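Have a look at the structure below before the remarks.
The values are calculated or read from the model by the stated rules, or taken from the named source; none is laboratory data. Computed from a predicted structure; not experimentally measured. A quick note on method: Cβ atoms are made from the backbone with ideal geometry, for glycine too, and the neighbour counts reach across all protein chains shown. Accessible surface is based on the protein model in full, side chains and every heavy atom, while ligands, DNA and RNA are left aside. Shrake-Rupley method; radii C 1.70, N 1.55, O 1.52, S 1.80 Å.
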Amino acid sequence: MSTIPHLPIFLEDDGIEHGSRIILKLIRPNWNLDKIRYKLFTDGITNKLVGLFDDSRPEDDGVLVRVYGKNTEQIIDRKAEFENFKFLYHAGLAPDLYATFDNGMVYKYIKGETLNTSTVREPSIYRLVATTMARFHRLGTNGISARDGTIKSELWNKMEQFANLIPKRFSSPSNDLRFRKIFTQGIENLRADIEPLKALLENIESPVVFCHNDLLLGNILLQSDDTVSGRRPVSVAFIDYEYAMFNNQAFDIANHFIEFAGVQEPDFSLYPNVDLQMDWLKSYLEEYTGESLDQNDQRIAVLKHQVDMFVIASHLLWIFWSLVQTEISVIDFDYLKYAEMRFEQYTKAKSSLIK
């Protein structure tokens, strides 16, 4: 991945298939375009992801084209995302990156199925997620420092950035009315929570590591082998690194636990129970420390407490994000409803965790 070509092409929403074929012609000139199979993988809430396959070749020769959501450059630093991708590729945690274009990137297809609210609870699968996250987090402590040479959590700057992008008044009158009914105090009370929350969470000393920060179920791919007794989970891969940055270890874990709820119709009662959390954290810490741990090891309890506390920060970050998306996104998703649901969870978490 020494030099990644940039293609001066912009894919419009209604021309993604056609535009993807133009890109394919440039990066796979020997493929027969008449025999290309095109598949929409996600019509996600931030980006669109499509796969292109030549059925005369193995499926894992496939190419993925990721088209950034409109206006997302306001909330995502695409240059940093590109650097993250290269950084993770060299660490063996990201697929080959073939090219970038004006509003997206092209990379190697990874075979696998995304997790769902059932599979994420299976011990053989969640332990793979835990150990993969631990390997991801160790990148920040293995001599790979932040790009400016220091390692500090970027969470609070990201929160401020999102909060600053929330409009004083939403351009859609119906959204503006709904917003004022949900957030009766406006956004200032939530903004005022940032500094005290930062002071509180810095005090619990969760290590700062390189985090994915967006491990929702659709960003985790499961690879399985066929055996006589059925499918056997072998490994998981994390995709989409647009929010990856140095952050507190406990944030990434708390954020993932919240994502057990799903996204389209989130059910926050699916947050993992204590037994699942403790087993997950044991698997994580064994990989992270390189030691075999007893279930009663004090380090597991300490990490659980840190994760519990960072649940509050995760809800606050994604409330701000959802409100920005309410204004700028053209994707058909009720971001304001999502902000309301996260606000409800934030209020509950804050009252139960901050004494």
Fill in: Sulfur and carbon atoms: percent of accessible area, segment 53-191 [1.4 Å]
48 percent
Practice prompt. Could you pull out every residue, at least 5 positions away or on a different chain, whose amide H is within less than 5 Å of the one on ASP96? Hs are placed 1.01 Å off N in the peptide plane, and Pro or chain starts have none.
Written response: LYS108
Worksheet item: Seen from all sides and averaged, what is the projected area of the convex hull of the Cα atoms in segment 1-76, in nm²?
Response: 6.1 nm²
Worksheet item: For the chain, which span is the longest to avoid every loop-located (per DSSP) member of GluC sites (Glu not before Pro) having at most 11 other Cβ atoms inside 10 Å?
Response: 13-204
Response to the item:
For segment 160-213 the trypsin sites (Lys or Arg not before Pro) that pass both the DSSP coil test and the at-most-14 other-Cβ-within-10 Å test are LYS168, ARG169
Response to the item:
Over all pairs of different Cα atoms in segment 131-266, the reciprocal of the mean inverse distance gives a Kirkwood radius in Å of 17.8 Å
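Taking the Cα centre of the chain as origin, work out the dipole magnitude from +1 charges on Lys and Arg Cβ and -1 charges on Asp and Glu Cβ, in debye rounded to 20.
Result for the chain is approximately 340 debye, rounded to the nearest 20.
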Fill in: Local net charge near PRO233, Cβ-Cβ under 14 Å (Lys/Arg +1, Asp/Glu -1)
+1
Item to complete: Give the long-range amide H neighbours of THR114: residues separated by 5 or more places, or on another chain, with amide H under 5 Å away, using H modelled in the peptide plane at 1.01 Å from N.
Response: LEU222
Item to complete: Return the loop-located trypsin sites (Lys or Arg not before Pro) in segment 1-107 (DSSP other than H, G, I, E, B) with at most 15 other Cβ atoms within 10 Å of their own Cβ; answer none if there are none.
Response: LYS70
Discussion item. Over 10 Å intervals from 0, what percent of Cα-Cα pairs in the chain sits in each interval?
Written reply: 5, 23, 33, 26, 11, 2, 0
Response to the item:
Non-local residues with an amide H under 5 Å from the amide H of MET245, with H modelled 1.01 Å from N and Pro and chain starts lacking one, are CYS211
Discussion item. Can you show me the helix-derived [θ] at 222 nm for the chain, built from DSSP H runs with n ≥ 4 at -39,500 (n - 2.57) apiece and divided by the number of residues, rounded to the nearest 500.
Written reply: -14000 deg cm²/dmol
Item to complete: Check the straight Cα-Cα distances from LYS35 and name the aspartates and glutamates below 20 Å, setting aside those fewer than 8 residues away within the same chain.
Response: GLU17, ASP54, ASP55, GLU59, ASP60, ASP61
Worksheet, complete the sentence: Among PRO207, LEU26, HIS6, the residue whose Cα sits farthest towards the positive end of the charge dipole of the chain, when +1 is placed on the Cβ of each Lys and Arg and -1 on the Cβ of each Asp and Glu, is HIS6
Practice prompt. Kindly provide the chymotrypsin sites (Phe, Trp or Tyr not before Pro) of segment 188-285 that DSSP labels as loop, not H, G, I, E or B, and whose Cβ sees at most 12 other Cβ atoms within 10 Å.
Written response: none
